[in-house]
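Taking it in order: structure first as structure tokens, then the write-up.
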Amino acid sequence: MEKQLQKEIKKVAFILMVFTIIWVILTGISMSQVKSSWSDTEYLRWVSKPDIFYTLNYINATIFTFIAIVFYTVLFRYLYEKSKLLGLLGFVFIPVYGVLNLICYSMQITIVPSIANHTLISSGDILFVSQLIQSKSGTLIGFINGLAYAILGVPSIIYGYMLIKDMKKLSVLFILLNGILCIVGIIGFMIKNNIMSNGVMLGGIVFLISLVVMVLEFRNNALESTSKVNK
């Protein structure tokens, strides 16, 4: 059972790694169109007519969230027998992260562009609608998105700690660091500290590294197990 779960972790981590890389690329292309000097109205104009990169980015981000939920669920199943209490303590945060992030990302695909377009035509409340744009810094939906990753930071820290016993040294380092950075990021957002606010973005980079490392370390573990069986 443990060997099978190790293979599942490696497989899901690889799939999540691919979607994360696509996410980074699409976000970079999409956000290259944004200027820091934009007003709320300019943000609404941009969102109201989304191009293919914008739309694909949020479709990918929504799928990424589903896969992330599966990834942490498999980690939970793998670590549950090692400590039921810690395993469950980490697991309760996963669906909360999932619901928040799925709302944040999925509504950017069609709902927010539609609302933005209607607001521009009808001269509605531009300030309120701008708070629904995830790619605009300092918005309500941006805070909820950051909060989702801070919440996911809790199981990252717990499961990272639990992996110490498995001697997954680099996996432990990067998944722990990911969790810490995401929590620091949301704290920075709340106290309006720009340096600390970058924690969520840095946490995303570290998370990508942790996935690469997990694929390698769980692959090596599986190979070692197979070698011992053959002997």
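The values are calculated or read from the model by the stated rules, or taken from the named source; none is laboratory data. Everything numeric in this text was worked out from a predicted model, so none of it was measured. FYI the Cβ positions are ideal-geometry reconstructions off the backbone, even for glycines, and counts take in every protein chain you see. Remember, those area values only see protein heavy atoms, side chains included, never the ligands or the DNA or RNA. Shrake-Rupley method; radii C 1.70, N 1.55, O 1.52, S 1.80 Å.
Brief remarks on what is shown
- Only DSSP H runs of four or more residues enter the estimate; each adds -39500 (n - 2.57), and after division by the residues of the chain the mean residue ellipticity at 222 nm equals -27000 deg cm²/dmol.
- Residue-count net charge about Ser36 - beta-carbon cut-off 12 Å; Lys, Arg +1, Asp, Glu -1: +1
- With all protein chains kept in place, the per residue accessible area of the chain amounts to 51 square angstrom at a probe of 1.4 angstrom.
- Farthest toward the positive end of the dipole of the chain, out of Thr62, Ile141, Leu85, is the Cα of Leu85, where the dipole comes from beta carbon charges about the Cα centre.
- Whole-Å semi-axes of the chain's equivalent ellipsoid (Cα gyration tensor): 37, 17, 15
- Sequence-separation-based contact order of the chain, relative, with Cα cut under 8 Å and 6+ spacing, percent: 23 percent
- Checking the Cα-Cα distances for Lys7/Lys169; Lys35/Lys192; Lys10/Lys35; Lys11/Lys165; Lys7/Lys136; Lys10/Lys49 against a 29 Å cut-off, the pairs over it are Lys10/Lys35; Lys7/Lys136; Lys10/Lys49.
- √(5λ) per eigenvalue of the Cα gyration tensor, segment 1-97, largest first, Å: 37, 15, 9
- Normalised by 2.2 N^0.38 Å, where N is the number of residues, the alpha-carbon radius of gyration of segment 36-158 equals 1.27.
- Computed from point charges on the beta carbon alone (+1 for Lys and Arg, -1 for Asp and Glu), the dipole magnitude for the chain about its Cα centre is near 740 Debye.
- Helix 2-31 axis, angle to the chain major axis (alpha carbon atoms, nearest 10°): 20 degrees
- Computed FRET value (nearest 0.05) for Lys84 with Met201, which takes r as the C-beta separation and R₀ as 30 Å: 0.30
- The length gained by stretching the chain between Leu140 and Ser114 to full extension, at 0.36 nm per residue less their Cα-Cα distance, is 7.5 nm.
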